[in-house]
1. Return yes or no: is residue 10 assigned to a loop (DSSP other than H, G, I, E, B), over 9 Å from the mean Cα position of the chain (by Cα) and at pLDDT below 90?
2. What are the residues in the stretch 13-58 that are of a type in the set (Val, Ile, Thr) and either open to solvent by 90 Å² or more (accessible area, probe 1.4 Å) or in a helix (DSSP H, G or I) (or both), if any?
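The values are calculated or read from the model by the stated rules, or taken from the named source; none is laboratory data. What you see is a predicted model, and the numbers here were worked out from it, not measured in a lab. Protein only, heavy atoms only, side chains kept; ligands, DNA and RNA dropped before computing areas. Shrake-Rupley method; radii C 1.70, N 1.55, O 1.52, S 1.80 Å.
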Amino acid sequence: MGFALAVICGFRFELRPEDEVVELQAEHHTAHVCLACLTLLTVHHRVYHMKVEKVIVEMAERRPLVAFA
């Protein structure tokens, strides 16, 4: 069993098992999202032609509210 990661997705904070978290990279930025948010991003990209790269950069630049050790 993998470790649980604290993940800040686009709209929420969650604890997810390591195997349910995906690392996305764009323009030298990294964001971690759960599989549900990955699905949401994929659908919006395909249906609405959303620029996922811009969303990843925005998510990566957010500052966490609480620091974890």
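1. Working: assigned to a loop (DSSP other than H, G, I, E, B): yes; over 9 Å from the mean Cα position of the chain (by Cα): no; at pLDDT below 90: yes.
So residue 10 fails the test.
2. Residues satisfying the conditions are 39, 42, 43, 47, 52, 55, 56, 57.
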